[in-house]
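Asker: Just passing along the structure, written as structure tokens.
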């Protein structure tokens, strides 16, 4: 058993056993009660702490490389794909929208003609009935 004046999990005690002592210092400053730091200090499990720090370092390297121009290119590509998809949807649906617009214009004209011809107000039911009839007439013409 080794007696020290300092905490065995402190940076000064562990830095001699660890490959990346700068990262160790950051981890200890962030969370001095980290499980790996405590195990390395109390049970001399320095290899586990080295493995943990290597994993943290690898994760930071991955984040650094993914946040560069590659991520920007992916975002631009996704945006371009979304725009192209929307343009294609509009092109495909345009004939359907134009037919719907024609039917609605016919229904509105039929309703307007009925209102002009009649002195009494139409009920909502009558308006719906007239719209349905005009849509059916339009379908028969096609």
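Asker: Taking the Cα-to-Cβ direction at residue 35 and at residue 93 and moving 7 Å from each Cα, how far apart do the two end points lie in nm?
Answerer: Between residue 35 and residue 93, the simple spin-label model gives 5.0 nm.
Asker: Along each of its three principal axes, how wide is the spread of alpha-carbon positions in region 1-89, in whole angstrom units, largest first?
Answerer: Result, largest extent first: 74, 20, 19 Å.
Asker: Listing 141, 15 from the residue with the fewest other Cβ atoms within 10 Å to the one with the most, what is the order? Don't jump to the answer; show the numbers that get you there.
Answerer: Numbers: 141 7, 15 14.
With the fewest neighbours first, 141, 15 line up as 141, 15.
Coordinate-derived values only; no laboratory data. For clarity, every value in this text was computed on a predicted model and none was experimentally measured. Positions of Cβ are generated from backbone atoms using ideal geometry, with glycine treated the same way; all protein chains shown enter the neighbour counts.
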